[in-house]
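The values are calculated or read from the model by the stated rules, or taken from the named source; none is laboratory data. Since the model is a prediction, treat every value here as computed from it, not as a measurement. Positions of Cβ are backbone-derived with ideal geometry, glycine not excepted, and every protein chain shown enters the neighbour counts. In case anyone asks, the SASA skips ligands and DNA or RNA and just uses the protein heavy atoms, side chains included. Shrake-Rupley method; radii C 1.70, N 1.55, O 1.52, S 1.80 Å.
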Amino acid sequence: MCCRGCQAVAQAIAENGLQEYYRHRTAMPSSGHELIPAELSRLALYDHPEIQKSFVIESDQHIKQASLILEGITCAACVWLNERHLQQLPGVKAVQVNYANHRARISWDEREIQLSRILKEIQLLGYNAHPYNALQQEELRRKGRSRDIRRIAVTGLSAAQVMMLAVALYAGAALGMETGTAQLLRYVSLVLTLPVFLYTAVPFYVSAWRAMKSRRLNMDFPVSLAIITAFVGSVWVTLRGEGVVYYDAITMFTLFLLSTRFLERNAREKSVEATENLLKLVPAMSLRLRDGRQEAVAVLDLAVGDIILVKPGEAVAADGEVAAGISSVDEALLTGESRAVPKEIGDAVIAGSINLEGPLEVRVTGTGENTVLAGIVRLLDRAVAEKPRLAQLADQVAGRFTYVLLALTLVVALAWWWHDPDKVLEIALAVLVVTCPCALSIAAPAAFAASGSHLLRQGILLTRGHALETLAKVTHVVFDKTGTLTYGKPKLHQVLPFGGMDTHACMCVAASLEQASEHPLAQSFLERIGKNELHLVTEAQNFPGKGVTGVIDGRRYTLGNRMLSPLTRAQAESAMEVAGGATVVWLCDESRVLAAFELSDELRPDAVALIQELKAQGMGVSILSGDSDAAVRHFAARLGITDYRGAQHPEDKLAALKALQAGGAVVAMVGDGVNDAPVLAGADVSLAMGGGTQVARASSDIVLLSEKLPDIWRALQAGRAAMTVMQQNFAWAAGYNFLALPFAALGYIPPWLAALGMSVSSLVVVLNALRLRQV
């Protein structure tokens, strides 16, 4: 296209289905299709289902969600611009842009808008979007780093030469210099500054222009204004042949700013490297087994139901279940610790885990965006997109501060124009540069990204943006019992034989009766007896909620609760009290009780230490469980917890939690089951065990992938540390601006020193945030 106007006309023709115009017009260029932007045809390809399957998921009926890379993001204002513009489009349901890694999550209703339209709108803003790919993003980062280094090198060379000439000009002004020599030095400085003004500082102009088009001022606006004003003023002085030039301030300011942003960018990438490393674990190729042959295929071409071969030492290419083979895999990406997890036929494996021993044949159950790994990354993106209250406040302050800064600069310039016109430009530049709110806007995002990355490496996944901020305020922790304080897998602890049969004989009969049962308790019996010791059972029957019956060697036996035994209710309850609240199962024949089996869930070994630590820090601790009162009382006594409630339905748990909140407590809830979902959603901050149900993890703010209770205390500590660092960053950024402003306004800070101060201020904030990676 010869110009933007022609491009706009061609786009309008194409969008309104008027392409016939190109066939019927009288004056033809070399080819009619040239006036239809080729970009529109390329973007339309992304609406094809086969192309979308690698990066788009259907989160609800007709609602799709895509993961994209946004090129051209330079500051928080770029994120704001993209999110605000796209959210105004009809059919777009949600837009979340991660400033740390430039990844965008976009949800839309395919009945109202197509992905190609969304991509086109992003391009019209001046950015470029394409499907997210970890390797592709790494390549973009490599190119970005090379481009940044090139700009820094050019700026550094120019700044070094210009500074030497500036020293001569300053010395000449003080000691005397011929007018012709001074003018020559000014022109040479101008030539040396041109690469900085016309090349290396261009990203600042582009960012400021984008913000202005959206009727918003970002941090690059005062930066661009300072550079352009200083350059125009210096050129005017050069042409006049008298006065002070600021080529040294322009080059040094640009050098400091580029260098600081380069270091800041590297630090930001380090803060999210744990997330990026997750995505790099999935291989690009896989061996698919078909008709007895092995074929190498791209992971994107795998379909649910395919059988893939995973050799020892290789990463699993997709979520699936073991179809053949026995091995162990390393799931450190989920647990935070490298250990071998045994796998056999029927066991689930996740994409990205490493096969350690024997070859495995895996039946694919999920690929691309439908894997556990992709789900974790989506939760991380959601957490980053949902900014804490302090971060939202900082964005608002930084945005308004830009307008205040411009107003103050104007006031200071007018004051100096009245007092000493020769210093107006120098003072105004210093004020513009020294008070740029860069540090203020990155204070919270830098701390949040660093803390989130550190927690993920320990197996603690933040899924909500407010989680860290709320963790720092928690005063009361509520636990579910089963699967949280205990493992949720009942074990057989004691056998009490009564009717003359020995313990082993009773176990053999009980295990034989449980052969056909699918009850969780059945495995507790079967794992204690070898298969060759089991009896043949006839007339086996299962009575839900009661137990099982069957005939062995002509004798009928029952195994179950009191309802299948000749015991009275009082006798059964008395036995349960003696058993410490554990589940008691009775083995009986047709006339008497033969044995009692005591089964109970095991308390996690680190539960006692966690409760003691929480109490030592002055926090309240409670148990809300659906188990029997006797069982809850037993475990509460072992843990030293006095506030406990058993036989709680979901609505009972939620009511108890609301009562705590009404009393002024900030409540953290820890659970794992379906019945915990309502109370997890109702808590101020919630934590779900990684092995819990899907609905529990979806309702929680934090997922403990490692399933280790000490991680609860680590998360609480991380929340407090993150808030401390955020407050330190805000205090530093605000204090620096308020301290530097009067000195700059009074003329004590030259422009080059203002540039150095602003750059160092931003760097201090980022480095302080990186300390959270070691907490």
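Quick notes
- Test set (1) touching a residue at least 40 places away in the same chain (Cβ under 8 Å); (2) within 51 Å of the chain's Cα centre (by Cα); (3) over 18 Å from Pro751 (Cβ atoms) - Gln183 fails condition number: (2)
- Selection of region 359-404 for residues being among the polar types (S, T, N, Q), surrounded by 19 or more Cβ atoms within 10 Å (Cβ to Cβ) and modelled with pLDDT under 70 yields an empty set.
Table: residues versus (1) touching a helix residue (DSSP H, G or I) at 6+ places or on another chain (Cβ under 7 Å); (2) of a type in the set (Gly, Ala, Ser); (3) more than 25 Å from Val679 (Cα to Cα).
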| residue | (1), (2), (3) |
| --- | --- |
| Asp589 | no, no, yes |
| Ala596 | yes, yes, yes |
| Leu603 | yes, no, no |
| Leu610 | yes, no, no |
| Ala630 | yes, yes, no |
| His634 | no, no, no |
| Gly640 | yes, yes, no |
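- Residue pairs meeting the criteria (Cβ under 8 Å; at least 6 apart or on separate chains; first farther than 13 Å from His454 by Cα and open to solvent by 70 Å² or more (accessible area, probe 1.4 Å), in region 711-731; second of a type in the set (S, T, N, Q) and in a helix (DSSP H, G or I)): Gln728/Asn768
- Criterion (open to solvent by 20 Å² or more (accessible area, probe 1.4 Å) and without any contact (Cβ under 8 Å) to a residue 40 or more places away in the chain) met by exactly one of His476, His504: His504
- Residue list for region 206-230, filter: outside any helix (DSSP H, G or I) and crowded, with 23+ Cβ neighbours inside 10 Å: Asn218, Met219
- Region 618-724 holds helices (runs of 4 or more DSSP H) entirely within its bounds, and those carrying 3 or more residues that are modelled with pLDDT of 75 or more map to 629-639, 650-662, 677-682.
- Candidates are the residues of region 349-358 that are over 19 Å from Ile460 (Cβ atoms) and at pLDDT 80 or above; the one that is most open to solvent (accessible area, probe 1.4 Å) is Leu356.
- Out of Asn532, Asn542, sole residue that is in a strand (DSSP E or B), open to solvent by 70 Å² or more (accessible area, probe 1.4 Å), at pLDDT below 85 and of a type outside the set (Ser, Thr, Tyr): Asn542
- Output for region 739-753, where each listed residue is hydrophobic (A, V, I, L, M, F, W, C) and either open to solvent by 30 Å² or more (accessible area, probe 1.4 Å) or touching a Phe, Trp or Tyr at 6+ places or on another chain (Cβ under 8 Å) (or both): Leu739, Leu741, Phe743, Leu746, Ile749, Trp752, Leu753
- When the residues of region 635-667 are filtered to those that are within 31 Å of the chain's Cα centre (by Cα) and of a type in the set (Lys, Arg), the one that is surrounded by the most Cβ atoms within 10 Å (Cβ to Cβ) is Lys653.
- Close pairs (8 angstrom Cβ cut-off, 6 or more residues apart or separate chains): in a helix (DSSP H, G or I) in region 286-301, modelled with pLDDT under 80 and among the β-branched types (Val, Ile, Thr) anywhere: Val299/Val282
- Consider region 305-328 and keep the residues that are within 27 Å of the chain's Cα centre (by Cα) and not in a strand (DSSP E or B). The one that is surrounded by the fewest Cβ atoms within 10 Å (Cβ to Cβ) is Glu314.
- Pro90 vs. criteria at pLDDT 70 or above and either closer than 21 Å to His130 by Cβ or open to solvent by less than 50 Å² (accessible area, probe 1.4 Å) (or both): no
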